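The structure appears right after this line, and notes come after that.
The values are calculated or read from the model by the stated rules, or taken from the named source; none is laboratory data. Please read these numbers as outputs of a predicted model, since none were measured by experiment. Because the Cβ atoms are built from the backbone with ideal geometry, glycine has one as well, and the counts that use them run over all protein chains shown. Side chains are part of the model used for accessible areas, which takes the heavy atoms of the whole protein and leaves out ligands, DNA and RNA. Shrake-Rupley method; radii C 1.70, N 1.55, O 1.52, S 1.80 Å.
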Amino acid sequence: MNNMEDKQKIALNIIRSCRIGNIVCKIAERLNLSLIDAMRKFYESATCREFHDSKSGLYLQGDYYIVAEFMDEYNKTTQV
């Protein structure tokens with residue numbers, strides 16, 4: 001891997017990290033959770049795994065789209 005590819009990966013990780021804060025805040029609002037609980041739920045989700053997987057392309061979508069994806073997953077897993 002060359003220096004430019006390394007810098008691009010670092011930049012992408014920084015951008016994702018900043019976006020997670022916004023995503024978690026929106027999840028906390030929708031589910032009426034603390035930020036810590038919302039973060040825990042997001043990090044344990046398949047949506048989060050896809051968000052971090054460059055091949056899925058989910059990271060290219062907007063924050064509201066990602067929150068909607070998470071909410072769909074959450075609602076499916078909480079229905080019994």
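Tabulated data for the structure shown
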item	result
Flag for ASN13 being assigned to a helix (DSSP H, G or I), open to solvent by 60 Å² or more (accessible area, probe 1.4 Å), out of contact with any helix residue (DSSP H, G or I) (no Cβ under 6 Å at 6 or more places or on another chain) and at pLDDT below 90	yes
Neighbours by Cβ (under 6 Å, 6+ apart or cross-chain): first from region 30-41, under 15 Å from GLU73 (Cβ atoms); second open to solvent by less than 90 Å² (accessible area, probe 1.4 Å) and in a helix (DSSP H, G or I)	ALA38/VAL24; ALA38/ILE27; ALA38/ALA28
Residue list for region 38-53, restricted to those being at pLDDT 95 or above, open to solvent by less than 60 Å² (accessible area, probe 1.4 Å) and of a type outside the set (S, T, N, Q)	ALA38, PHE42, ALA46, CYS48
Evaluation of SER56 against (1) open to solvent by 60 Å² or more (accessible area, probe 1.4 Å); (2) outside any helix (DSSP H, G or I); (3) in contact with a helix residue (DSSP H, G or I) (Cβ under 6 Å, 6 or more places away or on another chain) (one fails), failing number	(1)
Any chance TYR74 is open to solvent by 100 Å² or more (accessible area, probe 1.4 Å), out of contact with any helix residue (DSSP H, G or I) (no Cβ under 6 Å at 6 or more places or on another chain) and at pLDDT 90 or above	no
